[in-house]
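These notes concern the structure reproduced below.
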Amino acid sequence: MPGYKLYYFNVRGRGELSRLILHYAGVPFDDFRFEGKDWPAFKSKMPFGQVPVLEVDGEKMLAQSHTIARYLARQHGLAGQNDWEQSQADMYVDCIYDLHGAMRTPTWETDPVKQKELFDKVNQDTIQPHLEKVEQHLVKNGGGHLVGQGLTWADIAYYAYFTTPIMTRLGGEVLTKAPHLKKLIETVGNNPNIQKYVETRPVTSG
Amino acid sequence: MLIETFYRQIGSEIVTNKSFKFSMPVYKLHYFNNPRRGRAELSRLIFSQAGVQFEDVRFSHSEWPNIKPTTPFSQVPILEVDGQVLAQSNAIARYLARKYGLAGKDEWEQAQTDMYIENIHDLLNAAAVPFMEKDPAKQKELYQKFMTDTIASHVVAVEKQLKKNNTGYLVGKQLTAADLAYYAFFSDFIEVKFGGAFLKDAPLLKSLIDRVKALPNIKKWTEFRDSKYPEEN
């Protein structure tokens, strides 16, 4: 088993998907989190001055949050059963990347009233139209999983996105019109490995 | 047997034997006709470098409202592969790169290729901010900031990786979609808009871009593309 060290801030953010994949797959890793004040010291060590970064066996480094997650998913059987399924899973996770981008401004807004306003706009303009499509595809695929007939990292990515602190706090109604996706997300959350991790992970703002 | 007889026999076997069916997938890449390159260009470069035929479907913005509901997520580019549809520019590029030997020689190199493609994706997203700015003075300011804040530090980081890899390529010892992605962004967009000054301290990156530009299949594609779909600057 390779030695994994995942470098990221002590938040969920763009590191959480990889953490969830590793926990789901039951793969041990060094979940290395640092505080904001320690970042400058680490920044210069990272290939592109950004995190998350995955260090493998103490020597090779991989950057880009979804590249890391995809690599781990592939290494541990969570990426789809064939090339086409793998690309479908990629497609869904790329959609989540876009949704993360859209949610950035509301996430960083400190005024609660303004934050709710921004959140509602992103939900209305971006998330709801996307969910309408996802729900259609999910039903067409048999209703259980996004890709193929088993769990992939795409399902985990949607779980991660729709259970972020801001989503938990302000997004109570977000999945109302997407019952199949809502159920899928609950199923991922009910996985014993995920549950155990979620119960013990650090409580963070994002 | 006589050569003639030999070939006649092979020929009839090809016609009658179903296992001889050549099954190259039918590819249709759908994107706007403006921007002409944008988020579809990496996939077009991959097709071209790999020598794979594809239908390069480009539609006008007035046609988009009719096309939009037929796409998986109301976005383009999309790739049709024998009628099945894949969305998201990077998922498409990644699928084609892996299929046609432009994604590195093993899983780790594939991951590195992905990483570089995603770097470019971030840079494209960052460039979209000034690109969309309507006020010319503000746009100039935003582009300036983009070049000094975002591009400059990234070029330094990439140059360092190229030096470390020491093969002339971003990943491993051969051309990958990562090199194509960097060529597409830095040559087709940055160099065209801002000139090559930003590359003056990045000889390895400059050399890579020039080398990709000169690849026979890439040259063939860009010459065809530039005459058929001249880009507005």
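The values are calculated or read from the model by the stated rules, or taken from the named source; none is laboratory data. Nothing here was measured: the structure is a model prediction, and the numbers come from that model. Cβ sites come from the backbone with ideal geometry, for glycine too, and all protein chains shown count toward neighbours. All accessible areas refer to the heavy atoms of the entire protein, side chains included, with ligands and DNA or RNA removed. Shrake-Rupley method; radii C 1.70, N 1.55, O 1.52, S 1.80 Å.
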Expressed as a percent, the accessible surface of chain A that is carbon or sulfur, using a 1.4 Å probe and the full set of protein chains, is 52
Taking accessible area as the heavy-atom solvent-accessible surface of the protein chains with a 1.4 Å probe, which residues of segment A:77-110 lose no less than 20 Å² upon going from the isolated chain to the full protein assembly?
A:ASP83, A:TRP84, A:SER87, A:ASP90, A:MET91, A:ASP94, A:CYS95, A:TYR97, A:ASP98
Looking at B:VAL52, B:ALA137, B:GLY38, which one has the Cα that reaches farthest to the positive end of the dipole of the protein assembly as shown (charges on Cβ: Lys, Arg +1; Asp, Glu -1)?
B:VAL52
Need the list of lysines near B:LYS138 for cross-linking: C-alpha distance under 19 angstrom, and skip anything on the same chain fewer than eight residues off.
B:LYS193
Give the Debye-formula value of log10 I(q)/I(0) at each listed q (0.24 Å⁻¹), with one equal scatterer per alpha carbon of segment B:151-230, two decimals each.
-1.21
Whole-Å semi-axes of the ellipsoid equivalent to segment B:26-153 (Cα gyration tensor, √5λ, descending):
27, 22, 11
Per residue, the convex hull volume that the Cα atoms of segment B:46-115 enclose (Å³):
105
Calculated on alpha-carbon atoms, Rg and Dmax of chain B in Å:
20.7, 79
Integer Hz, Karplus 6.51/-1.76/1.60 couplings in order for segment B:180-185, x for Gly and Pro:
5, 5, 5, 4, 4, 6
Using a 1.4 Å probe on the heavy atoms of the protein chains only, list every residue of segment B:90-109 that has 20 Å² or more less accessible area in the complete assembly than in its chain alone.
B:ALA91, B:ARG94, B:TYR95, B:ARG98, B:GLU107, B:TRP108
If the cut-off is a Cα-Cα distance under 26 Å, which lysines reach A:LYS60, setting aside same-chain residues fewer than 8 apart in sequence?
A:LYS5, A:LYS37, A:LYS43, A:LYS45, B:LYS99, B:LYS105, B:LYS160, B:LYS163, B:LYS164, B:LYS173, B:LYS206
Residues in segment B:48-71 that a label on B:VAL26 would reach, taking backbone N under 15 Å of a point 7 Å out along Cα→Cβ:
B:53-57
Under unit Cβ charges (Lys, Arg +1; Asp, Glu -1), what dipole magnitude, rounded to 20 debye, does chain A have relative to its Cα centre?
240
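I'd like the interface area for chains A and B: accessible area of each alone minus the complex, both sides summed, 1.4 Å probe, protein heavy atoms only. What is it in Å² to the nearest 100? Mind dumping the intermediate values first?
Numbers: alone 10900 and 13760 Å², together 21910 Å².
So the buried area, both faces added, is about 2800 Å².
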Among all lysine pairs in segment A:83-190 that are eight or more places apart or on different chains, how many have alpha carbons less than 21 angstrom apart?
10
Along chain A, longest interval not containing exposed GluC sites (Glu not before Pro), exposed being DSSP loop plus at most 13 other Cβ atoms within 10 Å
A:60-172
Which loop-located GluC sites (Glu not before Pro) does segment B:22-117 contain, where loop means any DSSP state but H, G, I, E or B and the Cβ has at most 10 other Cβ atoms within 10 Å?
none
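Rolling a 1.4 angstrom probe over the protein heavy atoms, how many square angstrom per residue are accessible across segment A:35-139? Display every interim value, and only then the final one.
Working: 4910 Å² over 105 residues.
I get 47 Å² per residue for segment A:35-139.
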What is the log10 of I(q)/I(0) for segment B:89-222, computed with the Debye formula using one identical point scatterer on each Cα and no solvent, at q = 0.09, 0.13, 0.21 Å⁻¹?
-0.27, -0.56, -1.33
What residues of segment B:64-81 lose no less than 50 Å² of accessible area with every protein chain in place versus their chain by itself (probe 1.4 Å, heavy atoms only)?
B:PHE73
Once the Cα atoms of helix B:203-213 and of chain B are each reduced to a long axis, what angle between those two axes, in degrees from 0 to 90 to the nearest 10, is obtained?
40
For chain B, the dipole about the Cα centre with charges only on Cβ (Lys and Arg +1, Asp and Glu -1), to the nearest 20 debye, works out at 240
Simple label model, 7 Å out from Cα along Cβ direction - A:PHE34 to B:SER60, nm:
5.5
Where a ≥ b ≥ c are root eigenvalues of the Cα gyration tensor, a/c under 1.5 meaning rounded, otherwise prolate if a/b exceeds b/c and oblate otherwise, segment A:52-124 counts as oblate
Quick check: with the 1.4 Å probe, what order do A:TRP153, A:TRP39 take by accessible area, largest first?
A:TRP39, A:TRP153
For segment A:78-164, diffusion coefficient by Stokes-Einstein and Kirkwood Rh (Cα), 10 °C, 1.306 mPa s, µm²/s
114
Cα-based Rg of chain A normalised by 2.2 N^0.38 Å, two decimals:
1.01
At what distance in nm do the modelled label points of B:ALA152 and B:LYS213 sit from each other, each positioned 7 Å from its Cα along Cα→Cβ?
2.3
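Rg/Rh for the protein assembly as shown to two decimals, with Rh computed the Kirkwood way over all alpha-carbon pairs. It would help to have the intermediate numbers written out before the result.
Working: Rg = 23.0 Å, Rh = 23.5 Å.
Result for the protein assembly as shown is an Rg/Rh of 0.98.
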Give the aspartates and glutamates whose C-alpha is closer than 20 Å to that of B:LYS219, dropping any in the same chain fewer than 8 places away, or say none.
B:GLU41, B:GLU55, B:ASP56, B:ASP179, B:ASP188, B:GLU191, B:ASP210, B:GLU231, B:GLU232
Over 24 Å, how big is the tail of the calculated P(r) for segment A:107-206, in percent of all Cα pairs?
28
When the label point is put 7 Å from the Cα of A:ASN82 along its Cα-to-beta-carbon vector, which residues of segment B:71-89 have a backbone N closer than 15 Å?
B:81-85
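What is the magnitude of the charge dipole of the protein assembly as shown about its Cα centre, with +1 placed on the Cβ of each Lys and Arg, -1 on the Cβ of each Asp and Glu, and no other charges, expressed in debye to the nearest 20?
On the way: 54 positive and 52 negative charges, 73 e Å.
So the magnitude is around 360 debye.
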